[in-house]
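Asks: The structure that follows is given in the form of structure tokens.
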Amino acid sequence: MAEALAVFSALKSAVLLDVSSIKIHFDNQTLIKVIKNKLFDKEIYGVVCDIQILSALFVDCSFASIHRVENCKADANC
């Protein structure tokens with residue numbers, strides 16, 4: 001849930017800053033699949049719907065998976 005809320009917050013901030021293109025990298029492949037409608041997760045359904053609505057406001061918006069080791073600074077594990 002925390003990562004979904006972080007993605008939502010990032011998209012919301014980008015919309016407010018009038019960003020037209022965004023690529024969000026994170027290490028949660030399950031969340032990427034849920035956002036791209038390949039899975040259903042009732043616990044984060046509302047947040048994912050909000051993410052999908054916000055992502056439609058961009059000219060280009062994509063979500064990419066990275067290895068957890070590449071994301072250690074964001075996870076504060078370095």
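The values are calculated or read from the model by the stated rules, or taken from the named source; none is laboratory data. As the structure is a computational prediction, the values presented were derived from the model and not from experiment. Neighbour counts are summed over all protein chains in view; Cβ atoms, including those assigned to glycine, are modelled from backbone coordinates with ideal geometry.
Asks: Would you tally the residues in the range 16-33 being modelled with pLDDT of 90 or more, within 14 Å of ALA6 (Cβ to Cβ) and outside any strand (DSSP E or B)?
Replies: 2
Asks: I would also like to ask the following. Restricting the range 31-69 to residues that are surrounded by 13 or more Cβ atoms within 10 Å (Cβ to Cβ) and among the acidic types (Asp, Glu), which is farthest from SER20 (Cα to Cα)?
Replies: Per the criteria, the residue is ASP41.
Asks: Restricting to the range 42-78, name every residue that is at pLDDT 85 or above, assigned to a loop (DSSP other than H, G, I, E, B) and over 15 Å from VAL7 (Cα atoms).
Replies: Scanning the range 42-78 gives LYS42, GLU43, VAL59.
Asks: Something else: Working only within the range 1-19, note down all residues that are surrounded by fewer than 11 Cβ atoms within 10 Å (Cβ to Cβ) and in contact (Cβ under 8 Å) with a residue 12 or more places away in the chain.
Replies: Across the range 1-19, the qualifying residue is only MET1.
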